Amino acid sequence: MLRQLLALLLLVSPTATVRAQQVFSPLDPTRNLPAPPAPRPAALPEQYIWTTGDVTAQRPDHSKFLWNQPDLRIAPHYFRVRFRVTSLPEAATLYLAGPRESHVFLNGHPLGDFYLNPDAPIGFHIFHAAAARALRIGDNVLAIEAVRGRGVVSGTSPVTTQQLAYGEILAVKIVPARFGAEASPIVISDTTWRSVPGFADKPIDHWSEPGFDDSSWQPVESLGPIESNMDFFQWSADAGMYGWPGYMGMSPALRTLPMTAVAVTHVFTGHASFSHLPSLTSPNAVKPFVVTNQASATTTDADAPSLLLDFGREVAGRLLVESASPADTTLSIAYGESEIEALASGLTPGQQGGNYLGTNIIEVPANGVARGPKSGFRYVRIRFLRGASTTAFKAIRVEGIYYPVTYAGSFESSDPLLNRIWETGAYTAHLCMQDGVWDAVKRDRGRWAGDLDVEGRVISAVFGERALMEETLHALAPPGGGHVNGIPSYSALWITSLASLYQSSGDKVFLASEHDDLLHVLETMDASLDPRGLFDNAKHQWLFVDWAPGLYAYTFEARIGTQLQYIRGYRAAAALLLDMGDSANARRYETQATSALAAVHTLRDANGVTYGSTWQLNALAALTDDPATRPELWDSILSHVKQDEPSDQVVSPYFNAYILDAMAAAGHHREALDWIRAYWGGMLAEGATSFWESYDLRWPKTNPHLSLQADGTSGYFVSMAHGWSSGPTAWLSENVLGITSTSPGYDSVNIHPHLLGLEYAQGSVPTPHGTIAIRIDQRKGIDLDLPPGVTANVNYEGHSTVLRTAGHFTIPAAN
């Protein structure tokens, strides 16, 4: 097993027809970039609009909306706009996005009838039609009938994100150019449009004719320009927008980089032939990749020539196809975090056996560029459906999307497996730094407080980044109150995430800006306690502690776990409020934490220490209760953490981070390190290039992706790059290197390294004062570099010393 794990320190790809000469090194392709490129161009002006007063996402019951009824929301909405044209272009193209069904008229002439399968994973697509023939000099009228259709609803995402997911948006523009070319539009969707809701059984007569009087119609409601709000890019809500000319669909802080495939596999030519296939794996290909296909233009997706691109690791981004052909080309693509997900076809209930975003059509303009949906993946299956008999491509690659950061933190030891685990956790967290700090780059592509509580520590330990963290925390706080993400325990974890960030950054200005949000979250938590101080879940809210039997939904164990998380949250809140100068509320929540702890003690087992036999509840007890209970918690529960028998428990990579902390708190660092090697090393042994949303050492190895279990089910929809699984990276920095902040902003630190059988370990941790660097050698002792402004309490091999000045220090090993 160890030899197998060490072999995976080099990235491996399946047997390939064409393979690049080199695989990326290091794991994160952005790590050694000299400087991020310039910001992207200004956001596009066209706006998302909809009928005023008919936005389902604004309804108080929107989270209970029965979105999965196919016949729901089929009434049409009518939109009209007038615009002027001073000269007629040779070519013009209409682009439309949003509704599942639409019928478009320009000056009374039909431009197209568009339909989208409501069962398709991507909520909406770009439709386009030639428009030049219907334009005229002077006044023009564009009229559209739009049917929202069935949508995907999430009760936890922002209202604006939900509105996109519902399909209750319309984006339109007419560009005076052929399909795929960018030009200043003639008309765009904006607040000059008028709209009225219709009735499925009572259409409006003559509504599409230019002379129709629409003066009684109301001005539309606008959500703003289509790239103006970070919430538009969450939850894959805009996954179908990437065929829109000029659309980049990402926050201004993000950057892109070209990424070439490392291998081409599963090559099927059928009646066609491929030329210069190695160009697909060459970053500087001289000859274009060519598809020669004499087959009929009616080639189906199943029998079209195809191939699979392997990019060597999990990536965040989208496929970019650059044509070198004078004719338009149509491709179908499917992404996969695993090879089998990319090769899967069709839809299955819950997407267990289908690729997450489904199979999607990309229309590549002649001598132009087309992009696929933005997502997280490693593999892309491409089928060449239609085009000229000979079609050339300058490039088919990934346009990677990343948040520019510096790896200011580092870790290296005498154990290559631990080094790879640290790096993989860091890369996993970096992948999830997108339009906010996300849980994952495939799903859910959204902000979750529980995920942030783990990956936030990693981001601080590796990058020292705080701007994106602060934005994410602020966005997560419900306006005016309510539970964060709609989950009671996540309200507490929002507080602990805020406390963790403040401990690293020392940013008092941001902390003060969150004072009111903090009190609102605390008041919501208070309201869910009964008179005894116990979380009672009287409103029957969905609870979550971990994806393990009994620890989510309406269970007694989930209530105990929520209570223990509340205690952590109350304690963190008391300390934060004290630093804000709100001593009254600080005292109040210190008392609340004490009361909540006394209340949960009434639920302990007869021994007065443990909470049943679950690892999760007892790990939380080790982190919240009297330290004197930790030996019993270790002996009774935590010493049994393993997964090599059917009777062993289920635990996610997310909650394993807390178990590692609990083991360390109980003084069992060596056992925690062994569990890191076994559990996260197990993922690496199965080919992981980023850490997975869920994992169990006992799950089948033949198709590990299909076996991944989360959200109460299993399948390819489960993420293979999930920020909440990156916990060992922070743990290794905090426990092996032994560097932890003891006052906000690292004004004072504890440095208490644990080699735990390693010959050496070295690394660094970023602080607002500069980087703390350390090397611990079993034979030589410690070499330590401290920046100015840091007071360090160093404890090594039973000897303590306090360092109050900057500089290089050497502490010899004990003889």
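What is the spread of the Cα atoms of the range 462-558 along each of their three principal axes, largest first, in whole Å?
Here the Cα extents, ordered largest to smallest, are 38, 28, 21 Å.
Provide the per-residue ³J(HN,Hα) series for the range 712-717, in order, calculated from phi with Karplus coefficients 6.51, -1.76, 1.60 and θ = phi - 60°, each as a whole number of Hz, with x at glycine and proline positions.
For the range 712-717, the Karplus curve yields x, 8, 9, x, 5, 5 Hz.
Is there a quick way to get the dipole size of the range 429-484? I mean about its Cα centre, with the Cβ of Lys and Arg at +1 and of Asp and Glu at -1; what is the value in debye to the nearest 20?
Charge dipole of the range 429-484: 100 debye, to the nearest 20.
Under a 1.4 angstrom probe, counting protein chains only, how are V521, V196 ranked by accessible area, largest first?
Accessible-area ranking of V521, V196, largest first: V196, V521.
For T330, list long-range residues whose amide hydrogen, built 1.01 Å from N in the peptide plane, is under 5 Å from its own amide hydrogen.
V364, L385, R386, G387
In percent, what relative contact order does the range 350-471 have, based on Cα pairs under 8 Å that are 6 or more apart in sequence?
23
Taking a probe of 1.4 Å, how large is the accessible area per residue of the range 349-444, in Å²?
So the range 349-444 comes to 24 Å² accessible per residue, rounded to a whole number.
Of all the C-alpha pairs in the range 94-214, what % are more than 19 Å from each other?
Summing the P(r) tail past 19 Å for the range 94-214 gives 52 percent.
Inverting the mean 1/r over all pairs of different Cα atoms, compute the Kirkwood radius of the range 365-491 and quote it in Å.
So the Kirkwood estimate lands at 17.6 Å.
Any idea how far the Cα center of the range 245-310 sits from the one of the range 513-538, in Å?
With the range 245-310 and the range 513-538 each reduced to a Cα centre, they are spaced 53 Å.
Using a 1.4 angstrom probe and counting only protein chains, how large is the accessible area of Y335 in Å², to 10?
20
Compute the distance from the alpha-carbon center of the range 423-494 to that of the range 568-627, in whole Å.
23
If you take every DSSP beta bridge fully contained in the chain, what fraction is antiparallel? Give it as a percent rounded to 5.
95
Tell me which residues come under 5 Å, amide H to amide H, from F691 once H is placed; ignore anything under 5 positions away on its chain.
For F691, the qualifying residues are T428, H722.
Which value, in Å² rounded to 10, gives the accessible area of W542 with a 1.4 Å probe and all protein chains present?
W542 exposes around 90 Å² with every protein chain in place.
Among K394/K701; K374/K394; K374/K642, which pairs are too far apart, with a Cα-Cα distance over 32 Å?
Over 32 Å Cα-Cα: K394/K701; K374/K642.
What's the carbon and sulfur percent of the chain's accessible surface, probe 1.4 angstrom, rounded to a whole number?
53
Under 13 Å from a point placed 7 Å out from the Cα of S743 along the Cα-to-Cβ direction: which residues of the range 483-520 have their backbone N that close?
Only 506 pass the distance filter.
What does the accessible area per residue of the range 672-713 come to in Å², with a 1.4 Å probe and no ligands, DNA or RNA counted?
Normalised by residue count, the accessible surface of the range 672-713 is 30 Å².
Cα atoms only, the range 246-286: Rg and Dmax in Å?
When restricted to Cα atoms, the range 246-286 yields Rg and Dmax of 15.4, 46 Å.
Write down the accessible area per residue of the range 71-147 in Å², having rolled a 1.4 Å probe over the full set of protein chains.
In whole numbers, the range 71-147 has 42 Å² accessible per residue.
If you plug each phi of the range 248-261 into the Karplus form 6.51 cos²θ - 1.76 cosθ + 1.60 with θ = phi - 60°, what whole-Hz ³J(HN,Hα) values come out, in order, with x for Gly and Pro?
Running phi through 6.51 cos²θ - 1.76 cosθ + 1.60 with θ = phi - 60° gives 10, x, 7, 5, x, 6, 7, 10, 10, 8, x, 9, 9, 4 Hz.
When you have a sec, figure out the Kirkwood radius of the chain from all distinct Cα pair distances and drop it here in Å to one decimal?
28.5
Could you rank the peptides 761-771, 656-666, 284-294, 203-213 by their average count of other C-beta atoms within 10 Å per residue, with the highest value first?
Highest to lowest by the protection proxy: 656-666, 761-771, 284-294, 203-213.
Based on DSSP H runs of at least 4 residues, each adding -39500 (n - 2.57), what is the mean residue ellipticity at 222 nm of the chain after dividing by all its residues, to the nearest 500 deg cm²/dmol?
Computed ellipticity for the chain at 222 nm equals -7500 deg cm²/dmol.
With 10 Å bins from zero, work out the P(r) of the range 391-447 over every alpha carbon pair and list the percent per bin.
Pair shares across the bins are 19, 35, 28, 14, 3, 0.
What does the net charge come to around L578 if you take all other residues with beta carbon closer than 15 Å to its beta carbon, with K and R at +1 and D and E at -1?
0
Can you sort H128, H430 by 1.4 Å-probe accessible area, starting with the largest?
Largest accessible area first, the list is H128, H430.
Cα centroid distance between the range 670-731 and the range 165-210, in Å?
Comparing the Cα centres of the range 670-731 and the range 165-210, I get a distance of 46 Å.
Once you list every other residue whose beta carbon is under 11 Å from the beta carbon of D328, what net charge do they have if Lys and Arg are +1 and Asp and Glu are -1?
+1
If you project the alpha carbons of the range 208-332 onto the principal axes, what extent comes out on each, in Å, largest first?
Dimensions of the range 208-332 along the principal axes of its Cα atoms: 60, 40, 26 Å.
Which cross-chain or sequence-distant (5 or more) residues have an amide H under 5 Å from the amide H of Q649, H modelled 1.01 Å from N in plane?
Counting only residues 5 or more places away or on other chains, the set is K642.
Find how much the distance from S215 to D301 grows on full extension, using 0.36 nm per residue of separation minus their present alpha carbon separation; answer in nm with one decimal.
26.3 nm
The values are calculated or read from the model by the stated rules, or taken from the named source; none is laboratory data. Quantities reported herein were computed from a predicted structural model and do not represent experimental measurements. Using ideal geometry, Cβ is built from the backbone for each residue, glycine included, and neighbour counts are taken over all protein chains shown. Each accessible area value is taken on the protein alone, full model and side chains, heavy atoms only, with ligands, DNA and RNA left out. Shrake-Rupley method; radii C 1.70, N 1.55, O 1.52, S 1.80 Å.
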